[in-house]
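Reading through the structure tokens given below for one structure.
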Amino acid sequence: MQTDFSITTRGPGLYEFTDDVARWVSGTGLLTLMVQHTSASLLIQENADPEVQLDLQNFFSRLVPPTTDPSMSYLTHTYEGPDDMPAHIKAAMLPTQLSIPVTHGKMRLGMWQGIYLFEHRDRAHQRTVVAHLSR
């Protein structure tokens with residue numbers, strides 16, 4: 001069983017889509033999610049305190065700043081904007097696919113866990129996450 005989830009982003013940050021996935025899953029099996037973009041990632045992360053998402057975004061922005069930062073002057077892929085190559089680096093460091101067990105129509109996430117698309121680009125995007133539930 002497969003479907004696509006479309007996630008509209010407004011710039012950098014974590015966008016939770018746990019509820020959308022929860023409405024779609026059924027039965028028992030293994031759910032695989034994969035983002036179809038090279039400048040965004042997928043995370044299972046805490047969904048109780050929004051400061052967690054903000055701190056993650058701030059950490060990765062500091063770890064991999066835009067190409068306009070002097071520390072990034074060695075990068076050569078800059079024609080798509082100062083946020084593009086750093087977005088690819090972040091996506092290379094973070095997962096772009098997730099596996100989640102599903103039992104009797106419920107994802108086996110922990111109490112405070114949610115599923116997030118982590119947008120690494122500065123402008124708004126329409127992102128696609130492919131879901132496959134194998135039984």
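A short reminder: the numbers here are calculations on the coordinates, not readings from a lab. Values in this document were obtained by computation on a predicted structure and should not be read as measured data. We place every Cβ from the backbone using ideal geometry, glycine too, and count neighbours over all the protein chains shown.
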Are any of the residues in the range 68-80 in contact with a strand residue (DSSP E or B) (Cβ under 8 Å, 6 or more places away or on another chain), surrounded by 13 or more Cβ atoms within 10 Å (Cβ to Cβ) and closer than 22 Å to Gln126 by Cα? no
Filtering the range 56-72 down to residues that are closer than 22 Å to Leu98 by Cβ, touching a Gly at 6+ places or on another chain (Cβ under 9 Å) and not in a helix (DSSP H, G or I) yields none
Taking the conditions exactly as written (of a type in the set (S, T, N, Q), more than 25 Å from Thr3 (Cα to Cα) and either surrounded by 12 or more Cβ atoms within 10 Å (Cβ to Cβ) or touching a residue at least 12 places away in the same chain (Cβ under 8 Å) (or both)), does Gln53 satisfy them or not? yes
Every listed condition ((1) touching a strand residue (DSSP E or B) at 6+ places or on another chain (Cβ under 9 Å); (2) within 22 Å of Thr18 (Cβ to Cβ)) holds for Lys106 save (1)
Across the range 6-33, what is the number of residues that are more than 30 Å from Pro82 (Cβ to Cβ) and not acidic (Asp, Glu)? 13
For residues in the range 109-135 being among the hydrophobic types (A, V, I, L, M, F, W, C) and assigned to a strand (DSSP E or B), which is nearest to Asp55 (Cα to Cα)? Phe118
Of the residues in the range 90-135 that are surrounded by 15 or more Cβ atoms within 10 Å (Cβ to Cβ) and in contact with a Gly (Cβ under 8 Å, 6 or more places away or on another chain), the one that is nearest to Leu43 (Cα to Cα) is Phe118
Can you work out which of the residues in the range 15-55 that are in a strand (DSSP E or B) and not hydrophobic (A, V, I, L, M, F, W, C) is farthest from Tyr116 (Cα to Cα)? Gly29
